[in-house]
1. Among (1) touching an Asp or Glu at 6+ places or on another chain (Cβ under 9 Å); (2) part of a strand (DSSP E or B), which single condition is residue 234 missing?
2. Criterion first (at pLDDT 85 or above, under 21 Å from the mean Cα position of the chain (by Cα), open to solvent by 20 Å² or more (accessible area, probe 1.4 Å) and more than 30 Å from residue 309 (Cα to Cα)) does residue 66 satisfy it?
3. Which of the residues belonging to region 215-231 are outside any loop (DSSP other than H, G, I, E, B), over 14 Å from residue 271 (Cα atoms) and hydrophobic (A, V, I, L, M, F, W, C)?
4. Residues in region 114-124 that are within 25 Å of residue 177 (Cβ to Cβ) and touching a residue at least 40 places away in the same chain (Cβ under 8 Å): how many?
5. Would you mind stating whether residue 157 is over 27 Å from residue 299 (Cβ atoms), polar (S, T, N, Q), open to solvent by 10 Å² or more (accessible area, probe 1.4 Å) and under 22 Å from the mean Cα position of the chain (by Cα)?
6. Among the residues of region 41-58, what is the count of those that are open to solvent by 40 Å² or more (accessible area, probe 1.4 Å), at pLDDT 95 or above and not polar (S, T, N, Q)?
7. Please pick out the residue among 263, 248 that is part of a loop (DSSP other than H, G, I, E, B) and under 22 Å from the mean Cα position of the chain (by Cα).
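The values are calculated or read from the model by the stated rules, or taken from the named source; none is laboratory data. Here the structure is a predicted model, which means the values were calculated and not measured. Neighbour counts run over all protein chains shown; Cβ positions are idealised from the backbone, glycine included. When the accessible area is computed, the model is the full protein with side chains, heavy atoms only, and any ligands, DNA or RNA have been set aside. Shrake-Rupley method; radii C 1.70, N 1.55, O 1.52, S 1.80 Å.
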Amino acid sequence: MTAPSRYSFVSLASTMAAFCLFAQSLLVGESLVSYEMATPAGLERSWFGQVQLDVTRHRVENWLLYKDNLLALTTGGALHSFNAETGETLWVTQVGPLDMLALGPAANDNYVALVSGANLYVVDRSTGKLLWSRMLGSAPAAAPALSDEYAYVSFFNGRIEGYKLDEPKANPWYSQSIGRIFHSPTASGQVVTWPTQRGFLYVGNANRPRVLYRIETTSPATAPPTEADPFLYVTSADGNIYAFDELSGKERWRYAMGYVGTSRPAVVGDRLYATSSEPMLHAMNSQTGEPLWTVPNITQFVAQGGKHVYGLDDRGRLVIVDFETGKYIDTLPGANYRAVFNEQSDRVFLVNSRGLVQAFHEIGANEPTMYRQLAKEEGEPAAETAPAVEQVPVAPTQPLDEEPADEATPFQEDSSGDENPFDFEG
């Protein structure tokens, strides 16, 4: 029997690659939103693109919008970077072992990071070049978070570690929290935050790692917090959204949704949007918590345009409501859409697990409207009102479920008149 030649293997590989491209083209043709579908809904498509992946083996796991960059991470550990306004593919790179489950991505102005297996990987955001990787202390709980200078990784055992981005061989900063961690940290502006299942919300300095304070509650957060200067917004299992002063931890207001929050809040200008398990989309004033309107059957906030607000319903349909009143306007034909969470601009990004992405804007809105300034000036948080706390990390062998000294009620105010009513822990 004659052994197959090297050329026959090359021919087979080429045939399989051509088949995958053909399969992708068929899927794209079946999934594109047509002009006739988009125009009555007041939308026009600015571009569409396709993530480079083998659709017979992999799917797109996560999407992230960061400024002018739209990032897709596949189940095979491949990162695909698009220009968010033009759809141009900027780079594609394989990060970590092929077919190893990857968590992420996270991004800042210079870097993109993810975890795969028990390793942290950091790539250059402009080129996709792998800059460095290193083994973590344990299996990570969720995707990492990036501040300007550090990559933060959380672990199920309640530990959080911070890695200096420009000194990958330096020993990491770490802290042991009370309770297990199931969510990603949130690094935004000058603070990094992480909640635990025991009802603690830890707040630290993002670029000079140390714990500033912790908020002690008996109701755990149901999603990572959202930061928008000067507040931290937290959805809690008790059905409330809380706004805390990010420098002191003092509660400023709370809004009762009545049902458990299902995702982290979106802050767009002076608006805050949140979804609950009812399901319901809630819109409120981000500074005061004053309710503006609610829309039933919305399970995910998508984006805010100049005239309309967009969300996905429980059938995966794009629902369009009036910005001012929340009144129902229209539903884009088709179902089972996925969408990129976008609190940064007025663009709507519809995606699917096979890597198709379509970018839309309201008719006539050819130039994007940017709502959030993600990066702040470097340095210490200005005018800290929370007492400075010297960070003394707990030894890794200390029991994780240590009971706090005093039983706390959710977000209890202290009548002593101190500026910060919450407990502090180093």
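1. (1)
2. Working: at pLDDT 85 or above: yes; under 21 Å from the mean Cα position of the chain (by Cα): yes; open to solvent by 20 Å² or more (accessible area, probe 1.4 Å): yes; more than 30 Å from residue 309 (Cα to Cα): no.
Against the criterion (at pLDDT 85 or above, under 21 Å from the mean Cα position of the chain (by Cα), open to solvent by 20 Å² or more (accessible area, probe 1.4 Å) and more than 30 Å from residue 309 (Cα to Cα)), residue 66 does not qualify.
3. We begin by selecting, within region 215-231, every residue outside any loop (DSSP other than H, G, I, E, B); these are 215-216, 221, 226-228, 231.
From the residues that got through so far, the ones that are over 14 Å from residue 271 (Cα atoms) too are 215-216, 221.
Across region 215-231, the qualifying residues are 215, 221.
4. Looking only at region 114-124, we keep the residues that are within 25 Å of residue 177 (Cβ to Cβ), and these are 114-122.
Still in the list and also touching a residue at least 40 places away in the same chain (Cβ under 8 Å): 114, 120, 122.
Number of matching residues: 3.
5. Values: over 27 Å from residue 299 (Cβ atoms): yes; polar (S, T, N, Q): yes; open to solvent by 10 Å² or more (accessible area, probe 1.4 Å): yes; under 22 Å from the mean Cα position of the chain (by Cα): yes.
Answer is yes for this residue.
6. Residues that pass the stated criteria total 3.
7. Values: 248 fails: under 22 Å from the mean Cα position of the chain (by Cα).
Only one candidate qualifies: 263.
Matching residues to (1) under 19 Å from residue 195 (Cα atoms); (2) open to solvent by less than 10 Å² (accessible area, probe 1.4 Å):
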residue: 247; (1), (2): yes, no
residue: 285; (1), (2): no, no
residue: 292; (1), (2): no, no
residue: 302; (1), (2): no, yes
residue: 308; (1), (2): no, no
